[in-house]
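The values are calculated or read from the model by the stated rules, or taken from the named source; none is laboratory data. Everything numeric in this text was worked out from a predicted model, so none of it was measured. Backbone-built Cβ (ideal geometry, glycine too); neighbour counts: all protein chains shown.
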Amino acid sequence: MIYLLDTDICIYLLNGREPRVKHNADLVPRSEIAISALTLAEMFSGAARSEQSLLTYAKQSAFFLHYTILSFDQAAARAYGRIDGYLKNAGIRIGPVDTQIAAIALAQNLILVTHNTRHFRRVPQLAIEDWAV
């Protein structure tokens, strides 16, 4: 695997509102793309709040079948500690879920694909691509 998709990119792919995201995703074999379990949690939470929650949940579940899902493991926990400590000391925290997603990317040596580059650029040594631009 090479890429880890952030939640916003998954939403763009599901909704088809950003053709550039789909174009860029189509250039990469699905075997080289992963999604974190944290992104699943964020998206399933969104589905639960949706007016059409069952339909949204079913659409998301079908989408996730096409990708490897990465857990927050011990290597990610160690990376999280380093990232969170640095961000706290610098006074530039990005939130616990984004920090966990960044930690998974760093622990697995993946490029994080996100349109939320403003937050994730704060994480030292995190490779980032924005497929929406």
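Applying the selection to segment 83-95, what residues are free of Cβ contacts under 8 Å to residues at least 12 places away in the same chain and within 20 Å of Asp6 (Cα to Cα)? The one that is free of Cβ contacts under 8 Å to residues at least 12 places away in the same chain and within 20 Å of Asp6 (Cα to Cα): Arg93.
Cβ-Cβ contacts under 9 Å between residues 6 or more apart (or on different chains), taken from a first residue in segment 25-52 that is at pLDDT 95 or above to a second residue that is of a type in the set (S, T, N, Q) and in a loop (DSSP other than H, G, I, E, B), are listed as Ala34/Gln108; Ser36/Ser71; Ala37/Ser71. The condition of being under 18 Å from the mean Cα position of the chain (by Cα) and in a helix (DSSP H, G or I) holds for only one of Phe63, Phe72, that being Phe63. Among residues belonging to segment 42-59 that are of a type outside the set (Asp, Glu) and within 20 Å of Asp98 (Cα to Cα), point out the one that is surrounded by the most Cβ atoms within 10 Å (Cβ to Cβ). Of everything passing the filter in segment 42-59, Met43 is surrounded by the most Cβ atoms within 10 Å (Cβ to Cβ). May I ask you to verify whether Val133 is in contact (Cβ under 8 Å) with a residue 40 or more places away in the chain, among the hydrophobic types (A, V, I, L, M, F, W, C) and in a loop (DSSP other than H, G, I, E, B)? It is true that Val133 is in contact (Cβ under 8 Å) with a residue 40 or more places away in the chain, among the hydrophobic types (A, V, I, L, M, F, W, C) and in a loop (DSSP other than H, G, I, E, B).
Of all residues in segment 87-96, how many are part of a helix (DSSP H, G or I) and surrounded by 15 or more Cβ atoms within 10 Å (Cβ to Cβ)? Matching residues across segment 87-96 total 1. Checking Gly85, Gly95, Gly91, Gly81 one by one, the residue that is small (Gly, Ala, Ser) and in contact with a helix residue (DSSP H, G or I) (Cβ under 8 Å, 6 or more places away or on another chain) is Gly95 and no other. A count restricted to segment 1-18 and to residues that are farther than 17 Å from Thr68 by Cα and at pLDDT below 95 stands at 4. Beta carbons closer than 7 Å, at least 6 apart along the sequence or on distinct chains, pair a first residue in segment 97-117 that is under 9 Å from Ala76 (Cβ atoms) and small (Gly, Ala, Ser) with a second that is at pLDDT 95 or above and part of a helix (DSSP H, G or I) for Ala103/Ala76; Ala103/Ala79; Ala103/Tyr80; Ala103/Ile83; Ala107/Ala75; Ala107/Ala76; Ala107/Ala79.
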